[in-house]
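Written out below as structure tokens is the structure these notes cover.
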Amino acid sequence: MTNIIDGNRIAQEIRNEIKAKTERLKLDTAGIVPGLAVMLVGDDPASKIYVKRKENACNEVGFYSREYKFPADTDEKTVLATIDALNQDAAIHGILVQLPLPGHINPAHIIEAIDPAKDVDGFHPVNIGRLLTGQTCHMACTPKGIMELLDRSGIKIEGKEAVIVGRSNIVGKPLFLMLLARNATVTVCHTKTKDLAEVTRRADILIAAAGKAEMIRGDMVREGAVVIDVGINRLGDGRLVGDVAFAEVSPRSSHITPVPGGVGPMTIAMLLGNTLNAAMVGAQTD
Ligand code: NAD
């Protein structure tokens with residue numbers, strides 16, 4: 001029987017844990033409250049929704065949050081100056097710049113300007129380098145959320161064949177490092193992979209992160225595989241689907257994440273977790 005992994009339930013469980021730890025931190029440190037600054041440049045509708053969700057999540061767990069909204073034609077220097085001020089701001093433990101940015105702003109300049117200790121998205125090259133070399137760091141939220149889903153669903157990772165479809169900097173590549181660190185044998189597929197189905201059929205754990213609606217079909221999945229669907233795709237008729245053809249794949253899989261309600265809710269839960277960690281580390285060094 002297929003187990004549907006309930007990302008909403010697991011994310012709620014994690015938010016409850018974070019809320020309890022936030023209350024404890026406040027008591028133990030005479031008032032430290034984790035603080036997250038979220039910056040939005042322009043008025044991309046999807047980005048606005050994500051920023052609102054992050055603010056709501058901060059309120060739910062008792063964080064302090066601050067939002068910075070800039071018009072789309074704001075220059076890079078203005079954004080960098082705000083990051084510089086936030087890097088010095090003791091009330092702010094995490095800084096997040098909502099991507100994508102308008103074309104005239106170089107995202108690498110922005111990400112690299114954030115103090116790595118406050119880079120709660122885990123995108124700064126210092127954090128990526130620390131992840132690569134097995135050091136403590138802020139880890140990218142979506143892949144970290146996938147690892148939590150696997151762990152909290154009792155899925156063993158060590159010794160398993162894991163196949164990731166997609167090699168982006170925010171999902172595929174960091175997830176590769178996280179699975180490797182947990183002793184999986186990991187293959188990463190991309191647009192130039194020959195015979196994708198032959199590779200995906202080898203997977204004990206298959207993660208689809210390509211952004212292509214329902215591209216993983218039933219015959220691409222081994223019987224009994226764990227299938228994690230990262231994709232979020234809006235169809236012409238308005239329906240939201242993942243990268244996995246759920247109706248075909250779920251009867252073959254031992255565990256599968258739905259879209260929506262699988263990986264999606266975990267990303268914000270991990271962002272909260274990284275911000276709490278940053279505040280706790282700050283409390284130890286103050
Ligand atoms: P991206 O476009 O940056 O990268 C996609 C990757 O998939 C590329 O490496 C590309 O080589 C590979 N790819 C594309 N088509 C392929 C094909 N036909 N065969 C093999 N490989 C293929 O995307 P991204 O930012 O990593 O996001 C991927 C998907 O995950 C999107 O649908 C995105 O919306 C979703 N996403 C969800 C969350 C979440 O919180 N749930 C977070 C980030 C991204």
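The values are calculated or read from the model by the stated rules, or taken from the named source; none is laboratory data. Computed from a predicted model, the values in this text were never measured in an experiment. Heads up, the Cβs are rebuilt from the backbone with ideal geometry, glycines too, and the neighbour counts pull from every protein chain shown.
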When you check residue 196 against the structure, is it within 14 Å of the ligand (Cβ to nearest atom) and either under 18 Å from residue 278 (Cβ atoms) or in contact with a helix residue (DSSP H, G or I) (Cβ under 9 Å, 6 or more places away or on another chain) (or both), yes or no? yes
Pick from the range 1-55 the residues that are of a type in the set (Gly, Ala, Ser) and exposed (fewer than 13 other Cβ atoms within 10 Å of the Cβ): which of them is modelled with the highest pLDDT? 20
Could you give every pair whose Cβ atoms fall below 8 Å, whose first residue belongs to the range 33-57 and is on the phi > 0 side of the Ramachandran plot, and whose second residue is aliphatic (A, V, I, L, M), counting only separations of at least 6 or pairs across chains? 42/72; 42/101
Cβ-Cβ below 8 Å, separation at least six or inter-chain, first residue in the range 97-115 and free of Cβ contacts under 8 Å to residues at least 12 places away in the same chain, second surrounded by fewer than 15 Cβ atoms within 10 Å (Cβ to Cβ) and assigned to a loop (DSSP other than H, G, I, E, B): which pairs? 107/100
So is residue 145 in contact (Cβ under 8 Å) with a residue 24 or more places away in the chain, over 20 Å from residue 215 (Cα atoms), among the small types (Gly, Ala, Ser) and part of a helix (DSSP H, G or I) or not? yes
Got a number for residues in the range 172-230 being surrounded by fewer than 18 Cβ atoms within 10 Å (Cβ to Cβ), of a type in the set (D, E, K, R) and part of a helix (DSSP H, G or I)? 2
Kindly indicate whether residue 92 is crowded, with 18+ Cβ neighbours inside 10 Å, among the aliphatic types (A, V, I, L, M) and out of contact with any helix residue (DSSP H, G or I) (no Cβ under 6 Å at 6 or more places or on another chain). no
Members of the range 118-127 found to be assigned to a helix (DSSP H, G or I) and crowded, with 20+ Cβ neighbours inside 10 Å, listed by number: 118, 127
Sort through 167, 130, 152 and tell me the only one that's within 16 Å of the ligand (Cβ to nearest atom) and among the charged types (D, E, K, R). 167
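Residue by residue, here is whether (1) in contact with a Leu (Cβ under 7 Å, 6 or more places away or on another chain); (2) hydroxyl-bearing (Ser, Thr, Tyr); (3) at pLDDT below 95 holds:
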position: 179; (1), (2), (3): no, no, no
position: 198; (1), (2), (3): no, no, no
position: 227; (1), (2), (3): yes, no, no
position: 231; (1), (2), (3): no, no, no
position: 234; (1), (2), (3): yes, no, yes
position: 262; (1), (2), (3): no, no, no
position: 285; (1), (2), (3): no, yes, yes
How many residues does the range 171-219 contain that are basic (Lys, Arg), within 22 Å of residue 264 (Cα to Cα) and more than 18 Å from the chain's Cα centre (by Cα)? 2
Condition met for residue 149 (surrounded by 20 or more Cβ atoms within 10 Å (Cβ to Cβ), at pLDDT 95 or above and closer than 25 Å to residue 218 by Cβ): yes
